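> What follows is a structure written as structure tokens; I'll ask about it next.
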């Protein structure tokens, strides 16, 4: 399986994402934001950071980077797309996920471990977790306060698109939302950083199963379970 | 040349944490009459056109596509010249 880690000017979690994929022994490339072909990749990771300096709004400018047209195409093809932190903000700005991320209610940049509940363990990204399992994954953001209107929230609940919720809401997100997926389930965005929790040396390895979940989902759909 | 001014504000009903913090600061230094405060963005654009209708149409597109995120923000604009 082949992973791409997108790199925008100002990305700063790209190396963490790259290392997380290495941790599960799969092949991974950095892909610069000007790329116009992602056909070689099965999963696209949109990493955290401050792309384009977060000017105007987080993710507002990145969404017009040439590579984003390819990300939209990959989403349509059913490829796996995981946006983390700034990556989540970019995916909402691009309209690949509903809602928006606002300034934290506390006005503070919050950087610490959080307890997340796996609300939906049936997505390709979370299948190796138990239903309602509690996992420890860190956050590091100033603008992770998820917002959507009532109607959208009802749709998210109805379609089981809320993937992760916070145990102790750190930012004021509506319905304690930490991560959501699209209706089809192949695009997911989350503020917490699973790539920073892939080894007990980091304090938690609870994030690693997101990456092994993706791998397992890909293997199932490619009938290559025997190839390691 | 047409000069355009764009104002982007947080939608009514959507929490504006910056506004709340600044309101609290004003109240704490004696401006108790501040009942509410919303923070927004002010942008000045100079457009290389004399066609007002076209300028307005394109400015609206700029607001919808980039300058405002209509999920959480409202915008309004003024044209001059």
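The numbers here are math on the coordinates, done by the rules we state, and not lab data. Since the model is a prediction, treat every value here as computed from it, not as a measurement. Counting neighbours? That spans all protein chains shown, and the Cβs are built from the backbone with ideal geometry, glycine included.
> Specify the residue that is surrounded by the most Cβ atoms within 10 Å (Cβ to Cβ); the eligible residues are those in the stretch A:112-161 that are within 14 Å of chain B (Cβ to nearest Cβ) and part of a strand (DSSP E or B).
So, considering only residues that are within 14 Å of chain B (Cβ to nearest Cβ) and part of a strand (DSSP E or B), the one surrounded by the most Cβ atoms within 10 Å (Cβ to Cβ) is A:146.
> Within the stretch A:209-220, can one find any residue that is more than 22 Å from residue A:111 (Cβ to Cβ), part of a helix (DSSP H, G or I) and free of Cβ contacts under 8 Å to residues at least 40 places away in the same chain?
Within the stretch A:209-220 (the criterion being more than 22 Å from residue A:111 (Cβ to Cβ), part of a helix (DSSP H, G or I) and free of Cβ contacts under 8 Å to residues at least 40 places away in the same chain), the answer is yes, since at least one residue qualifies.
> Of the residues that make up the stretch A:86-102, is at least one closer than 23 Å to residue B:65 by Cα, away from every other protein chain (no Cβ under 12 Å), assigned to a strand (DSSP E or B) and under 14 Å from the mean Cα position of the chain (by Cα)?
no
> How many of the residues in the stretch A:22-65 are more than 14 Å from chain B (Cβ to nearest Cβ) and in a loop (DSSP other than H, G, I, E, B)?
16
> For residue A:68, are the conditions met, namely being out of contact with any strand residue (DSSP E or B) (no Cβ under 8 Å at 6 or more places or on another chain), within 14 Å of chain B (Cβ to nearest Cβ) and surrounded by 20 or more Cβ atoms within 10 Å (Cβ to Cβ)?
yes
> Restricting to the stretch B:2-58, give me the number of residues that are in a loop (DSSP other than H, G, I, E, B) and surrounded by 10 or more Cβ atoms within 10 Å (Cβ to Cβ).
Summing the residues that are in a loop (DSSP other than H, G, I, E, B) and surrounded by 10 or more Cβ atoms within 10 Å (Cβ to Cβ) in the stretch B:2-58 gives 12.
> Enumerate the pairs (first residue in the stretch B:46-69 and away from chain A (no Cβ under 14 Å); second residue anywhere and assigned to a helix (DSSP H, G or I) and crowded, with 17+ Cβ neighbours inside 10 Å) with beta-carbon separation below 8 Å, excluding pairs fewer than 6 apart on the same chain, so at least 6 apart or on different chains.
Correct list of pairs: B:47/B:55; B:47/B:59; B:49/B:55.
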